[in-house]
Amino acid sequence: MGRRESLDADVFQPLWAAGWQWVWIVAGALFLGVYLVLEFGDSLEGVGIIAGGGALAALGIRYVNRRYETVLDTGIEQAQSITLEVLGTEDDDVEVSSIPTDGRALLLVSPAREYELTTLVVSSDSFVVHDDATVSLAHRYVSVGDDAHHYEYTELSAVTYEAGRLRVVQRDGTADSYAVSSDPKSALSAARERIAAVESQH
């Protein structure tokens, strides 16, 4: 069964939230500031609210843009750990590689709101493709499902990457293809070594 946990990252929550909600902060400050000016003629307070909202939004955006890489790395590591638990993988000699794919972006904010993860697990007896995990930066959670594809090395003939697709080719000629955003070189190298070792025994 899948799991969802809070993303265990050290951030200053008010600024982190402000960076992701900056559009609403600016819109709210503009509305309230203009209302005070037009309804009560209070230009000083109205302009102050507008300027304060803009400053908070700018600080939040800068904070998110400077901190997101650390937060994303933490989320990926957390997702990997949960994935291994969900898969029931206890082998110490395991190669794990997670490839994040950007989700929807927000204007002026460098990272995506959330990232879909494809995790490759190279264990002693099988190659696993797990493509059922999400790291949400905007809402700070990690979600890992139990949808995984297991391949015994005795059934595999090749694993390749080309043009954004991971191909897993079985000995009977059938092939499965998965979209991944970058070449998982380390995991594929480890998988090929396991496939070659199995072939040498036959």
Pair list, Cβ under 6 Å, 6 or more apart: the range 33-47 residue among the polar types (S, T, N, Q), other residue surrounded by 14 or more Cβ atoms within 10 Å (Cβ to Cβ): S43/V37
How many of the residues making up the range 21-50 are in a helix (DSSP H, G or I) and open to solvent by 60 Å² or more (accessible area, probe 1.4 Å)? 14
Counting only residues that are among the charged types (D, E, K, R) and either within 20 Å of A112 (Cβ to Cβ) or in contact with a His (Cβ under 9 Å, 6 or more places away or on another chain) (or both), how many does the range 1-40 have? 3
When you check T83 against the structure, is it under 19 Å from D132 (Cα atoms), buried (at least 19 other Cβ atoms within 10 Å of the Cβ) and among the polar types (S, T, N, Q), yes or no? yes
Quick one: how many residues across the range 98-125 are farther than 16 Å from E69 by Cα, crowded, with 20+ Cβ neighbours inside 10 Å and touching a strand residue (DSSP E or B) at 6+ places or on another chain (Cβ under 7 Å)? 5
Check on V71, modelled with pLDDT under 95 and surrounded by 13 or more Cβ atoms within 10 Å (Cβ to Cβ): no
Where V11 falls short, out of the listed (1) modelled with pLDDT under 95; (2) surrounded by 15 or more Cβ atoms within 10 Å (Cβ to Cβ); (3) in a loop (DSSP other than H, G, I, E, B): (1)
Matching residues in the range 102-136 - criterion: being assigned to a strand (DSSP E or B), of a type outside the set (S, T, N, Q) and closer than 28 Å to E199 by Cα: L120, V121, V122, F127, V128, V129, H130, D131
Could you please let me know if A138 is surrounded by fewer than 20 Cβ atoms within 10 Å (Cβ to Cβ), within 27 Å of R113 (Cβ to Cβ) and in contact with a His (Cβ under 6 Å, 6 or more places away or on another chain)? no
Per the filter on the range 127-178, residues out of contact with any strand residue (DSSP E or B) (no Cβ under 6 Å at 6 or more places or on another chain) and under 15 Å from S97 (Cα atoms) are D132, Y161
Name the residues in the range 180-198 that are of a type in the set (S, T, Y), in contact (Cβ under 8 Å) with a residue 24 or more places away in the chain and either closer than 13 Å to T154 by Cα or part of a helix (DSSP H, G or I) (or both), would you? S186
Within the range 188-202, the residues that are open to solvent by less than 50 Å² (accessible area, probe 1.4 Å) and touching a helix residue (DSSP H, G or I) at 6+ places or on another chain (Cβ under 9 Å) are A191, I195, A197, V198
Only strands (runs of 3 or more DSSP E) wholly contained in the range 137-179 count here; list those with 3 or more residues that are touching a residue at least 60 places away in the same chain (Cβ under 8 Å). 141-144
Can you tell me which of (1) on the phi > 0 side of the Ramachandran plot; (2) touching a residue at least 24 places away in the same chain (Cβ under 8 Å) is the one G88 doesn't meet? (2)
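The values are calculated or read from the model by the stated rules, or taken from the named source; none is laboratory data. Worth saying up front: this structure is predicted, and the values here are computed from it rather than measured. Reconstructed Cβ throughout: ideal geometry from the backbone, glycine too, with neighbour counts over all protein chains shown. The accessibility values were calculated without ligands, DNA or RNA, using every heavy atom of the protein model including side chains. Shrake-Rupley method; radii C 1.70, N 1.55, O 1.52, S 1.80 Å.
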